[in-house]
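Report on the following structure.
The values are calculated or read from the model by the stated rules, or taken from the named source; none is laboratory data. Given the structure is predicted, the values throughout are model-derived calculations rather than measurements. With ideal geometry, Cβ positions are generated from the backbone for all residues, glycine too; neighbour counts draw on all protein chains shown.
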Amino acid sequence: MGNSSSDVLSFEDLQRITGYQRRSDVERTLLEQGIRMFRGRTGPWTTIDLINRAGGVGRGRQERYDADIL
């Protein structure tokens with residue numbers, strides 16, 4: 001089962017989710033929450049799977065959050 005493009009959260013998505021607008025604030029919040037992120041040309045981005053891992057949702061558990069929770 002591969003990732004679809006809807007599994008990627010863009011900088012704009014992360015701004016909306018965190019409530020922060022500045023790139024540094026968004027990045028700091030992700031790091032504080034233990035969410036692995038990548039720094040792209042247009043800002044940080046991450047995936048739903050990386051958020052699930054940070055939240056303790058992973059292999060061996062059936063609970064999974066999808067992009068529709070946003």
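Note down all Cβ pairs under 6 Å where the first residue falls in the range 11-34 and is more than 15 Å from Ile48 (Cβ to Cβ) and small (Gly, Ala, Ser), the second is exposed (fewer than 13 other Cβ atoms within 10 Å of the Cβ) and modelled with pLDDT of 95 or more, and they're at least six residues apart or on different chains.
none
Identify, from the list Leu14, Leu9, Leu30, Leu70, the residue that is modelled with pLDDT under 95 and among the hydrophobic types (A, V, I, L, M, F, W, C). Walk me through it before giving the result.
Numbers: Leu14 fails: modelled with pLDDT under 95; Leu9 fails: modelled with pLDDT under 95; Leu30 fails: modelled with pLDDT under 95.
One residue alone meets the criteria, Leu70.
When you scan the range 43-64, do you find a residue that is assigned to a helix (DSSP H, G or I) and modelled with pLDDT of 95 or more, even just one? Lay out the reasoning, then the answer.
Taking the range 43-64 and keeping what is assigned to a helix (DSSP H, G or I), we get 48-54.
Of the ones still in play, those that are also modelled with pLDDT of 95 or more are none.
Among the residues of the range 43-64, not one is assigned to a helix (DSSP H, G or I) and modelled with pLDDT of 95 or more, which makes the answer no.
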